[in-house]
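One structure is given below, encoded as structure tokens.
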Amino acid sequence: MLPMLPYEHGGGILYNSIHNTGISNWIQGHSLLPKEWASYTGGSRSGKPYYRVAITSRGPVSHGCTRLNTGHLAELREVLPSTSAEMEGIVTYRNLSHCYDVFDRKGDGNLEIMGVQYYLAYRHNKSRVATQIWAQNTRKDFYEWLYGNEMNYGRIGQLTFDQVCEGKFVGERAREGKTYQRLTLYEAPYVPDAIQFYKIKGVSTTSTKGYDFNRELRRVGYGYTVNRKTLLLD
């Protein structure tokens, strides 16, 4: 019941898209997850420890999709246009893998490389369960794997790169942009995601009416005229 936002046709019914984590792990006894998670009950509606968890990997875990944590995905959907026709006007860009997002974040002429304080990367098996980590989920170990010898390691706000290639776009194609020296990595604090669950009364959530309800509910916003019948209000 979560949004999927396709941006590139992959043939047949296949698309590369922005979607949910796609990875669901059991918790108790999982070799890669902290043992403390097996007894964690914070926010549990039943008061019991959670059985499964979905985690986004910041690394190679898909052929071309962009995966987000559930709450972040729902939040992104809410800031986009409500209808499919309007969504077709949204342009997406994806850099060449060796280029960086470089921005003047504060508008003061100081260019920075964009990053985030999130240090999880793993590969998964055919059952979409995490099976091996690419790097330890500590900042230093993760960055040594992600950036290699391109970086000069330092504390947050002090990690620099001797030389970086900026990601640019010409028409619909990703290209190498300018080359910069001695840029600092901006590490945005990771914001935990949240999601609100709900139940639909009167119809099955997996029926056509249930799916239509979910789609229509996600379109509710300023300037959109809702279909009250689809939302079971009439």
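Okay, here's what the table says:
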quantity: Cα gyration tensor shape for the range 26-74, rounded if a/c is under 1.5, else prolate or oblate; calculated: oblate
quantity: Share, in percent, of DSSP beta bridges within the chain that are antiparallel, nearest 5; calculated: 75
quantity: Under-5 Å amide H pairs with Tyr122, H placed in peptide plane, nonlocal only; calculated: Arg58, Trp134
quantity: Positive minus negative residues near Val164 (Lys, Arg vs Asp, Glu; Cβ under 11 Å); calculated: -4
quantity: Charge context of Gly177, other residues only, Cβ under 13 angstrom, K/R +1, D/E -1; calculated: +1
quantity: For Leu231, residues with placed amide H under 5 Å, excluding near neighbours; calculated: none
quantity: Projected area averaged over orientations for the chain, convex hull of C-alpha atoms, nm²; calculated: 16.7
quantity: Exposed-site-free run, longest, the chain (rule: chymotrypsin sites (Phe, Trp or Tyr not before Pro); DSSP loop; at most 14 other C-beta within 10 Å); calculated: 94-152
quantity: Mean Kyte hydropathy of -0.5 or more with a Cα span along the axis of at least 18 Å, helices from DSSP in the chain; calculated: none
quantity: Those trypsin sites (Lys or Arg not before Pro) in the range 114-176 that DSSP places in a loop and that have at most 15 other beta carbons within 10 Å; calculated: Lys126, Arg128, Arg155
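Each reported figure results from applying straightforward, stated rules to the coordinates on display, with no laboratory input. Quick caveat, the model's predicted, so the values are computed rather than measured. Note that we place each Cβ from the backbone using ideal geometry, even for glycine, and neighbour counts take in every protein chain shown.
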